[in-house]
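Since the structure comes first, as structure tokens, the remarks are kept for the end.
The values are calculated or read from the model by the stated rules, or taken from the named source; none is laboratory data. Bear in mind that the values here come from a model prediction, so they are computed numbers and not experimental data. FYI the Cβ positions are ideal-geometry reconstructions off the backbone, even for glycines, and counts take in every protein chain you see. The area values use the complete protein model at the heavy-atom level, side chains included, leaving out ligands, DNA and RNA. Shrake-Rupley method; radii C 1.70, N 1.55, O 1.52, S 1.80 Å.
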Amino acid sequence: MMRRRISTVVLACAVFASACKHEPFPQNAGYPLDIAEIIVDKCATSGCHNEASYVAAGGLDLSSWDKMFEGSRSGAAVIPYSPDFSTLCYFTNTDTSIGVALLPTMPLNAPPLSAAEYVRLKTWIEAGAADDKGNIKFAGDQAREKLYITNRGCNVVTVVDKESLLPMRYVTVGIGSANFPYCVKVSPDKKHWYVSFFSPTNIIRKFSAGKDEPVGEINIGTGTWTSFAISADSKYGFFVDNSSPGKMAYVDLEVMQLLATYTFNGNFRYPSGIVINDNLKKLYVGATYGNFIYKIDIANPLLPSISEMVIDGSSNIQYQSLLDPQELILENGKDECYVACAGSGEIRRISMQNDNVWQAIPLGAAPAHMDISASKGKLFASCPDDIATFPGNRGSVTVVDLATGSIEKRINSGYQPYGICVDDKRGMVTVVNANISSAGPKSHHSSRCGERNGNISFIRLSDLSLMDKKRELSIFPFSISAR
């Protein structure tokens, strides 16, 4: 990978400093001694990343191990176990054969780290970046609240700590033919999370939500397994194969075994998006093209009853591009299903009690993903290809008042927003901005997967304003789920 000069960097020292002056520290500041000899003595110095100067040095304070994990203005500088995603490595490396190397090289206006020093730093991060007592950041709290985000362009899931809003882990999720992680969902009991893949494969992967380690793979037969839903008791999953003809897999998640495959006699046409209503023992599944969704009675899930349900008020099934209901969500505690219709640029509201389509909410742009704030009575929809609302930017987040069905606000969350996640408890909405177009904004830095990273941004529920906490992620972040 060629080294590139970039104007804004996470580890940039103050532009006014002619050199970073060395001021010896009397202690290791929580770092292991051999790491303190690098970070404390060479980086946390006057004019650079110490307590007095860090604001002008990208907002990164390296004066102690704890301060280092507060990150910089653009995100985390060190990700335990992941030197390939740790910007501290990018700007201290001078050898592109052993890792990403970006300019300006740190320490600024001083000799760069020796090869041995860089390898020592990288190896420390690879082993977890423990402090001088062996503690690894974020590892102690098995019940920690987190966000999980798929990175379709890098075969990883980014794990974000909800308290600091910083990336805390990068977990490699794809194996074998399973590539391009698509959808991630945390089980209702918060014990596990699951990942599906856009590339044709025969597996779904299961991970522990406490340690973020793989539990295993579930063989469900070859397909393009994208959307899925998990039952309220966390025992069963329904996985959708977005092919034509497609199919659905009914899976026991506890014993990790395929129980049944629904084929609809070959009449599943690019199914996409799914919700499960446990009380009504019913599934709705979207269709990539057309004016209908699939309705599935799972009173006996081994012998389901499947039909096509028109949702545009007409009486005939249409298979060409019309409404194109591609994503669905169910309002918590209610039987109301919201369907994102990419073709017609609207959201359709359906009562799962009687299958009545009783409201159509025009957005003026194609919706992709949705989530609902129960406390505020608002629906948030990402519209990644909206080029009209904010000239020069591609995408918007549309806020709908559910009481009136009217649009309350449109928000510029970033370039090409997709995944969206509401947290009523913390009073915020997290938006995943893919930024995959070459017309999008430049990244602050690159990673092992390339240059144009995506990011996440945060909206306050109280006044629908953007928080000043945008975090850069790896390439093509897409789906999000919360623990």
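Key figures
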quantity: Environment charge at residue 310 (Cβ cut-off 14 Å; Lys +1, Arg +1, Asp -1, Glu -1); calculated: -2
quantity: Distance from the range 34-52 to the range 330-387 (C-alpha centre basis), Å; calculated: 50
quantity: Full-stretch length increase - residue 27, residue 442 - with 0.36 nm per residue and alpha-carbon distance subtracted; calculated: 145.5 nm
quantity: Length-normalised contact order of the range 79-238 in % [C-alpha pairs under 8 Å, at least 6 apart]; calculated: 14
quantity: Virtual spin-label span in nm between residue 331 and residue 117, 7 Å along Cα→Cβ; calculated: 6.0
quantity: Formal net charge of residues neighbouring residue 297 (Cβ-Cβ distance under 9 Å; K, R +1; D, E -1); calculated: +3
quantity: Percent RCO, i.e. relative contact order, over the chain, from Cα pairs under 8 Å lying at least 6 residues apart; calculated: 10
quantity: Residue-normalised accessible area of the range 178-264, expressed per residue, 1.4 Å probe, Å²; calculated: 36
quantity: Euclidean distance between Cα centres, the range 255-326 to the range 421-478, Å; calculated: 32
quantity: Chain lengthening between residue 257 and residue 354 when straightened (0.36 nm per residue, less Cα-Cα); calculated: 31.7 nm
quantity: Accessible area of the range 265-407 belonging to carbon and sulfur atoms, whole % at 1.4 Å probe; calculated: 45
quantity: Anchor residue 469: aspartates and glutamates whose Cα lies under 15 Å away (excluding residues fewer than 8 positions away in-chain); calculated: 70, 161, 163
quantity: Ranked order, 236, 170 - accessible area, probe 1.4 Å, largest first; calculated: 236, 170
quantity: Estimated FRET transfer efficiency when R0 is 41 angstrom, pair residue 70-residue 406 (beta carbons, to 0.05); calculated: 0.50
quantity: Between the range 70-106 and the range 153-221, the Cα center-to-center distance that results, in Å; calculated: 24
quantity: Computed [θ] at 222 nm, deg cm²/dmol, the chain (DSSP H ≥ 4; -39,500 (n - 2.57); rounded to nearest 500); calculated: -1500 deg cm²/dmol
quantity: Degrees between helix 33-42 axis and first principal axis of the chain (Cα, 0 to 90, nearest 10); calculated: 80
quantity: Local electrostatic count at residue 334 - Lys and Arg +1, Asp and Glu -1, tallied over other residues with Cβ under 14 Å; calculated: -2
quantity: Pairs from 42/162; 162/191; 247/378; 247/409; 67/162; 67/206 whose Cα-Cα separation, in the structure shown, is over 28 Å; calculated: 42/162; 247/378; 247/409; 67/206
quantity: Degrees separating the helix 115-126 axis from the principal Cα axis of the chain, which is the longest one; calculated: 40
quantity: Per residue accessible area of the range 309-439, 1.4 Å probe, in Å²; calculated: 40
